[in-house]
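The next block holds one structure in the form of structure tokens; read it before the comments.
The values are calculated or read from the model by the stated rules, or taken from the named source; none is laboratory data. It should be emphasised that the depicted structure is a prediction, and the values quoted were computed from it without experimental measurement. Please note: Cβ atoms are built from the backbone with ideal geometry, for glycine as well, and neighbour counts cover all protein chains shown.
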Amino acid sequence: MGDVAIIVPTLRRPESLERALRSLFGQTGVADRVAEIVVVDNDPQGSAATLTERLRAFSPWPLIYRHAPTPGVATARNAGLAATGAPLIAFLDDDEAAAPGWLRALLRARAETGADAVFGPITGRAPGAEAWLQAYLERFFGRDGPDRTGLIAEPYGCGNSLLLRATALPGPAPFNVAADQAGGEDDALFAALAARGGRFGWAADARVEEFAPAHRATLKYALARAFAYGQGPSQTAAAAGNWPGVTRWMLIGVAQTVVWGAAAAALTLAARPGRAEMYDRAARGLGKVLWTKGFEPQFYGARELARLDAAA
């Protein structure tokens with residue numbers, strides 16, 4: 001019996017989900033380590049059930065289907081955890097595809113570093129993007145880190161991660177469902193882990209590709225996400241009651257908004273592709289200033305479901 005469960009939350013992305021699962025079926029060097037793969041279907045209609053059943057015959061490990069009908073990213077992650085008792089939890093998003101040695105690299109990095117949470121690099125893909133935006137968007141959806149495996153000071157997001165359940169995922173529902181619509185549930189989880197003295201690791205060879213769907217491969221979507229990322233430090237400080245920290249982050253945000261906003265304006269007048277990076281930095285700065293509940297963009301759960309219904 002293996003000691004690792006791989007959790008794949010999904011919401012109406014059948015082609016993408018199949019690509020993600022088939023990449024997991026091809027994992028090498030971990031035959032005795034994987035306990036199960038858990039697909040968490042966050043669609044109220046249970047649309048991933050048929051696909052999961054069809055692919056079960058191709059999986060070298062048990063393929064578990066769990067229906068989480070209340071749309072929300074934290075709810076989906078918690079449902080995946082409830083479906084397995086494995087002591088090690090790997091997360092792969094449904095828009096990602098793992099290289100054959102992905103899980104083996106994550107496990108090796110955790111053994112070498114003793115970290116509570118290990119993360120790997122992501123190569124962003126935005127095939128439907130406008131030409132001048134493609135390089136920016138592929139960096140945006142990607143993730144870079146150190147060239148070598150080792151301990152790192154700051155965590156990344158849950159996509160492409162391996163977590164030690166006993167320390168990194170306390171309690172039966174460690175992801176805060178208040179973040180179901182806006183996201184950031186992993187930021188809060190890892191901030192709490194850091195406060196408890198948890199350690200973070202980097203697996204340089206645990207590479208996945210992330211494929212941005214057409215509705216996300218746009219400047220509007222990326223800047224909304226950048227704004228939300230910018231909100232993170234201020235929100236984390238506020239959650240800890242660290243109001244001097246909130247003030248500090250807001251002042252940093254004001255400076256970033258002004259400086260990068262001016263740079264964006266100049267590059268826009270010159271029609272330079274680099275303006276997208278400046279928009280991004282200015283948006284992150286603005287997020288540090290406008291961090292309260294009323295300004296939170298919503299990317300998941302009911303909002304995403306409504307978008308899918310409208311597009312159907």
Next item on the list: Give me a count of the residues in the range 235-250 that are at pLDDT 95 or above and closer than 27 Å to Leu219 by Cβ.
Entry: 2
Notebook entry, point to check: Out of the range 6-36, which residues are in contact with a Phe, Trp or Tyr (Cβ under 9 Å, 6 or more places away or on another chain), under 15 Å from Ala105 (Cα atoms) and among the small types (Gly, Ala, Ser)?
Noted result: Ser23, Ala31
Notebook entry, point to check: Can you tell me which residues in the range 84-99 are within 20 Å of the chain's Cα centre (by Cα) and either more than 22 Å from Pro213 (Cα to Cα) or in a loop (DSSP other than H, G, I, E, B) (or both)?
Noted result: Leu88, Ile89, Ala90, Leu92, Asp93, Asp94, Asp95, Ala99
Check: Out of curiosity, is Ala206 surrounded by fewer than 21 Cβ atoms within 10 Å (Cβ to Cβ), out of contact with any Asp or Glu (no Cβ under 9 Å at 6 or more places or on another chain) and within 22 Å of Leu137 (Cα to Cα)?
Finding: no
Item checked: So Ala115, is it assigned by TED's automatic domain parsing to the domain that holds Phe200, part of a loop (DSSP other than H, G, I, E, B) and modelled with pLDDT of 95 or more -> yes
Margin query: When the residues of the range 257-280 are narrowed to those that are touching a residue at least 40 places away in the same chain (Cβ under 8 Å) and in a helix (DSSP H, G or I), which ends up nearest to the chain's Cα centre (by Cα)?
Written below: Asp280
Next item on the list: Search the range 209-239 for residues being surrounded by 18 or more Cβ atoms within 10 Å (Cβ to Cβ) and part of a loop (DSSP other than H, G, I, E, B), and hand back the single one that is farthest from the chain's Cα centre (by Cα).
Entry: Ala217
Notebook entry, point to check: Can you tell me how many residues in the range 125-151 are in a strand (DSSP E or B) and under 17 Å from Tyr229 (Cα atoms)?
Noted result: 1
Item checked: Residue list for the range 159-186, filter: within 18 Å of Gly198 (Cα to Cα), of a type in the set (D, E, K, R) and either in a loop (DSSP other than H, G, I, E, B) or under 13 Å from the mean Cα position of the chain (by Cα) (or both) -> Glu185, Asp186
Check: In the range 186-201, what residues are closer than 10 Å to Phe119 by Cα and crowded, with 22+ Cβ neighbours inside 10 Å?
Finding: Gly201
Margin query: Kindly evaluate Ala312 against the criterion of being surrounded by fewer than 19 Cβ atoms within 10 Å (Cβ to Cβ) and either at pLDDT below 95 or within 23 Å of Val177 (Cβ to Cβ) (or both).
Written below: yes
Note to self: I'd like to verify a number: residues in the range 282-298 that are surrounded by 18 or more Cβ atoms within 10 Å (Cβ to Cβ) and either aromatic (Phe, Trp, Tyr) or not in a loop (DSSP other than H, G, I, E, B) (or both), how many?
What the structure shows: 9
Note to self: Consider the range 187-215. How many of its residues are touching a helix residue (DSSP H, G or I) at 6+ places or on another chain (Cβ under 8 Å) and either charged (D, E, K, R) or without any contact (Cβ under 8 Å) to a residue 40 or more places away in the chain (or both)?
What the structure shows: 6
